[in-house]
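Below is one structure; the comments refer to it alone.
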Amino acid sequence: MKKSTIWIIAVIMGFSFLALLYLQFSYVEEMVKMKKEQFDESVNRSLYQASHNLEMDETLRYLEKDVNETERRAFQQDSVTVDGIGGTIKHSHQFAVAADDGTVYSSFQVKAFQMKPSSVPKAMILRKDKNSLVDATKSMQEIVRNRYVYQKALLDEVVYNILYTASDKPLKERVNFRMLDQDIRNELSNNGVNIPYHLKVSTADGREVYRCPDYSDEGEQYTYSQVLFRNDPQSKMGVVRIHFPEMSSYIFSSVRFMIPSIIFTIVLLLTFLFTLVVIFRQKRYSEIKNDFINNMTHELKTPIASISLAAQMMNDDSVTKSEQMTKHLGQVISDESKRLRFLVEKVLQMSMFDKKSVVFKKKELDLNEMVEQIAQTFSLRVEHTGGKIYTEIEAVDSAIYVDEVHFQNAITNLMDNAVKYRKQDEPIDIYIRTWNDEHNHLCLSIRDTGQGIKKENLRKIFDKFYRVHTGNKHDVKGFGLGLAYVKKVVDLHQGDIKAESELGKGTKFTIQLPVLNEES
């Protein structure tokens with residue numbers, strides 16, 4: 001599949017996932033906003049009803065008080081009359097209420113009729129029914145009218161008492177805070193709000209007169225308030241304020257069912273991104289492997305061709321073979337066979353590392369001695385370019401516990417790269433240094449004055465099969481396994497390796513090893 005096709009699919013799927021997440025978050029935000037509005041409306045309605053109930057309770061208290069006082073001032077007149085003709089007994093009860101000056105301001109009369117049907121003929125009963133109904137109707141109208149006048153007088157007196165007496169009392173005497181708290185709780189429950197709240201009551205000018213025993217400031221930024229006795233003068237009004245410490249969790253509980261959906265969508269998005277990274281990485285590995293196979297084929301063809309040519313010359317009877325020529329052909333076959341074996345071993349070594357089947361044979365060695373020995377081995381190759389190897393042996397504690405073959409190969413690979421990637425037709429200088437750092441680690445650095453590496457390529461040089469692009473020049477051969485092998489060896493010895501480079505000035509590799517541990 002083409003890279004452009006992969007990118008098109010990735011962009012479409014990525015946009016779809018992001019759009020889905022946006023819609024889900026928008027839906028959650030809208031639900032939270034709606035739930036918050038419903039919550040605000042329920043709380044405000046509950047507070048309003050509770051304040052209204054408070055005023056009604058105060059009115060009821062004054063009404064009961066005035067009714068009791070009025071009844072104590074009222075007097076009653078009873079009268080009983082007997083109608084001898086019809087056998088009817090009439091009971092009359094008349095109540096009157098007098099003011100302090102003795103004036104009667106209302107009265108009503110309740111009449112009850114008790115008749116003896118047995119002493120009245122049926123014809124008379126039927127004849128009197130119609131007249132009795134009319135009289136009863138008129139009597140009831142009179143009773144209702146008189147009761148209205150009486151009750152209105154009582155209510156007027158209560159109203160005057162509330163206006164001129166109740167509002168003069170302090171707020172803490174007018175409000176039963178325990179009943180107010182209970183009333184608010186009941187109203188909230190009736191409106192579907194069943195979470196804890198904190199309550200306080202203050203005067204209109206902000207003086208606090210009451211707060212609930214378990215009051216805390218948590219969630220106080222979301223406070224709901226309601227005026228108490230809102231029709232009183234402003235200086236006599238009160239304010240009740242409540243806030244809900246658990247309001248946020250209550251609001252978001254309504255959208256809790258959306259959380260799994262969002263989580264699964266994010267998981268799918270991350271899985272898609274991971275899959276995308278794996279696809280591109282595999283595509284890159286595929287390209288690198290193809291380059292590796294092509295390069296390996298080219299690398300193997302050279303020694304094979306040389307060996308074949310030497311063998312052909314040795315078997316060709318038409319070619320005169322002197323002892324010196326035979327020796328030279330034998331040396332060519334031997335050298336190319338070694339080269340071929342070295343290339344194959346490189347691939348096999350990396351294969352062993354990948355399968356984790358490599359076994360180290362560690363022993364105690366001296367890093368200073370190993371460095372000097374390797375430097376001496378490479379001195380001829382470096383001097384052949386006109387350069388020189390400089391060693392700075394500064395490590396005091398130079399004992400290491402490593403696999404001699406693999407660790408020596410790792411250092412040799414670094415030295416070999418320094419020689420191979422030198423500047424064309426210019427001498428190469430190599431600086432080798434050992435020292436102990438402040439953390440009691442043993443360090444080794446190999447610095448050269450070669451071509452250097454670009455910054456964008458520096459972070460990839462330890463990747464398997466990776467080779468720095470050199471354009472159309474193929475003067476340096478290899479598989480891209482050398483530095484990957486070095487890093488593997490250092491890592492498996494619990495060490496660390498890092499590279500520093502500047503294009504045109506050279507490269508420096510630093511290996512840091514832990515202190516000697518014979519049990520590792």
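Odds and ends about this structure:
- For segment 193-209, 3J(HN,Hα) per residue [Karplus equation, 6.51 cos²θ - 1.76 cosθ + 1.60, θ = phi - 60°, Hz, x = Gly/Pro]: 9, 10, 10, x, 9, 10, 10, 8, 10, 9, 6, 5, 8, x, 6, 6, 10
- With the highest mean first, a sort of the peptides 435-444, 209-218 on other beta-carbon atoms found within 10 angstrom per residue produces 435-444, 209-218.
- Long pairs among Lys363/Lys423; Lys327/Lys488; Lys283/Lys455; Lys327/Lys505, criterion Cα-Cα beyond 31 Å: Lys363/Lys423; Lys327/Lys488; Lys327/Lys505
- Residue-level accessible surface for Met370, protein heavy atoms, 1.4 Å, Å²: 10 Å²
The values are calculated or read from the model by the stated rules, or taken from the named source; none is laboratory data. As the structure is a prediction and not an experimental result, all values here were calculated from the model. Virtual Cβ from ideal backbone geometry, glycine too; neighbours counted across all protein chains shown. For accessibility, only protein heavy atoms count, side chains too; no ligands or nucleic acids. Shrake-Rupley method; radii C 1.70, N 1.55, O 1.52, S 1.80 Å.
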